Amino acid sequence: MRAFEQALKTLPETDKDYHSTQYGYTLALNKAGFEQRAEYMAHNLPDPAQRQLYAKKREAKQILDAYEQQNYAYVIQKAPSSSSNTAKM
């Protein structure tokens, strides 16, 4: 994570790489267990597509956590239905 912090300090905020690095840093924070900080940073990402991707990753993690805790009702409720997935194919 230190590499992300150093890169963010050196890149200008107007640089596209800055935003990609900021998104990567948000994912790294979340993976390292700093969910609150990651949530805050994700909420402030300038790219709506990156905010949406982060939200999807967070939701997938919540579903996996519920499955591992055998909270199958939550998993069924939150997981996308298989009929809508096959309709897209």
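A short reminder: the numbers here are calculations on the coordinates, not readings from a lab. The model shown is predicted, which means the values in this text are computed figures rather than measured ones. No Cβ is skipped: glycine too gets one built from the backbone with ideal geometry, and neighbour counts run over all protein chains shown.
What ranking, highest mean first, results for peptides 53-60, 38-45, 71-78 when packing means the other Cβ atoms within 10 Å averaged over each residue?
38-45, 53-60, 71-78
The alpha carbons of the chain stretch over 46, 30, 17 Å along the principal axes, in descending order.
How much net charge surrounds ALA28 when only other residues with a Cβ under 15 Å from its Cβ are counted (Lys, Arg +1; Asp, Glu -1)? Every neighbour counted, the sum reads +3. A full extension of the chain between TYR18 and ASP47 corresponds to an added length of 9.3 nm, given 0.36 nm per residue minus the alpha carbon distance. Per residue, the average separation of C-alpha pairs within less than 8 Å and at least 6 apart gives the chain a relative contact order of 16 percent. Show which lysines lie in cross-link reach of LYS78 when reach means a straight Cα distance below 23 angstrom and same-chain residues fewer than eight apart are skipped. Result set, ordered by chain and number: LYS31, LYS56, LYS57, LYS61, LYS88. Each residue, LYS9 and ARG37, gets one label point 7 Å from its Cα in the Cβ direction; the gap between the two is 1.4 nm. Take the Cβ atoms of ALA28 and TYR67, set R0 to 22 Å, and the FRET efficiency comes out at 0.40.
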